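J.: The structure that follows is given in the form of C-alpha cells.
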C-alpha cells in the first residue's frame, strides 16, 4: 500500500543530499516469527538534520505501516517531522498522521514555523479530522494543525498521496527558511527538548506492542531503544547523573 510513498520519501531525501547510514546490527530488517510480516528500516544523514529515520512494515492484508521522524540539528529550533501511516487491508481502514511536531507549545513558535502546515490543513479537508490521539497527549509534541485521518480506500488512494507530497515539500521549505535565520531556542535547550521527545515517545509508542507480537519482545525492545528513540537512553542517563550529583 505505501511502497510508492516510501519511494517518494527516499527520493526526496536523496534529492536534498541525503546519504544512507548503517542501521544498528540486526535492526535493518526482520521477518516475523510466523513469517507473515517483514519490517525494514533506513537511517539517513541529511544536510540540516542530525537524524532521519524511516521504517516500513509489510504484513500483507493484515497491516501496512510507513513511519518516519526527522530530527533537525540542535542549532535549529524548527519542529521535528513526523509521519505515521497505517493501513488495515482486511477492514479497508486507514489511519494517517502527518505533522510538524513542535518542540514547545508557544504562540510565537507556532507563528514562526507553522504557516505552511496551516495552509495544508485547509487544502486537504479529508486529513483535517480532530479525532482523538489515543496514545498521546495532542497538546505535547503535536501541533494544532496536524494532518490526521481515520478513513478508507478513498482517502488512501486519493487525498493521502497528494497530501503526502505537499507535506514533504512544505517541510523542506520550512527547513530552508529555518536554516537561514537564527534559532530562538538555545542549542542546549533544543537538544534537551529533542531528547525529551524520545523519552515521551518511547514510553507511549503504541507500535511497541504490535512489533512485539510480530517480532518478539527482545527484538522489539532493541528496536525501540536503539533505533526508534535512542535519545531516550541519553536523556535518562543524563537525568540519573544529575540526581547522583
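J.: Could you tell me which of the residues 48, 18 is more than 19 Å from residue 85 (Cβ to Cβ) and in contact with a helix residue (DSSP H, G or I) (Cβ under 6 Å, 6 or more places away or on another chain)?
T.: 48
J.: Could you list all residues from the stretch 4-33 that are touching a residue at least 12 places away in the same chain (Cβ under 8 Å), loosely packed, with under 13 Cβ neighbours inside 10 Å and not in a strand (DSSP E or B)?
T.: 4, 17, 22, 26, 33
J.: Also: Can you pull out every residue in the stretch 174-204 that is closer than 17 Å to residue 83 by Cα and either at pLDDT 95 or above or surrounded by fewer than 20 Cβ atoms within 10 Å (Cβ to Cβ) (or both)?
T.: Answer for the stretch 174-204, where residues must be closer than 17 Å to residue 83 by Cα and either at pLDDT 95 or above or surrounded by fewer than 20 Cβ atoms within 10 Å (Cβ to Cβ) (or both): 174, 175, 194, 197, 198, 200, 202, 204.
J.: For the stretch 162-194, how many residues meet the condition of being more than 20 Å from residue 46 (Cβ to Cβ) and not in a helix (DSSP H, G or I)?
T.: Total satisfying the criteria: 4.
J.: May I pose another question? Residue check: is residue 100 touching a helix residue (DSSP H, G or I) at 6+ places or on another chain (Cβ under 8 Å), under 13 Å from residue 80 (Cβ atoms) and part of a strand (DSSP E or B)?
T.: Taking the combined requirement at face value, the residue satisfies it.
J.: Scan the stretch 141-161 for residues that are outside any loop (DSSP other than H, G, I, E, B), without any contact (Cβ under 8 Å) to a residue 60 or more places away in the chain and touching a helix residue (DSSP H, G or I) at 6+ places or on another chain (Cβ under 9 Å) and jot them down.
T.: Within the stretch 141-161, 147, 148, 149, 151, 154, 158, 159 qualify.
J.: Let me ask something else. Report the residue count in the stretch 226-237 for those that are closer than 18 Å to residue 39 by Cβ and modelled with pLDDT under 95.
T.: Result for the stretch 226-237: 0.
J.: Take the residues of the stretch 58-94 that are out of contact with any strand residue (DSSP E or B) (no Cβ under 7 Å at 6 or more places or on another chain) and assigned to a strand (DSSP E or B): which is surrounded by the fewest Cβ atoms within 10 Å (Cβ to Cβ)?
T.: Going through the qualifying residues, I end up with 93.
J.: Follow-up question, since we're still on this one. In the stretch 66-88, what residues are closer than 19 Å to residue 40 by Cα, over 12 Å from the mean Cα position of the chain (by Cα) and touching a residue at least 60 places away in the same chain (Cβ under 8 Å)?
T.: If the condition is that a residue be closer than 19 Å to residue 40 by Cα, over 12 Å from the mean Cα position of the chain (by Cα) and touching a residue at least 60 places away in the same chain (Cβ under 8 Å), then 87 is the only one that fits.
J.: Any chance you could count how many residues in the stretch 35-60 are modelled with pLDDT under 95 and either over 18 Å from residue 207 (Cα atoms) or within 20 Å of the chain's Cα centre (by Cα) (or both)?
T.: Of the residues in that region, 1 qualify.
The values are calculated or read from the model by the stated rules, or taken from the named source; none is laboratory data. Computed from a prediction, not measured in an experiment: that's the story for all the values here. Because the Cβ atoms are built from the backbone with ideal geometry, glycine has one as well, and the counts that use them run over all protein chains shown.
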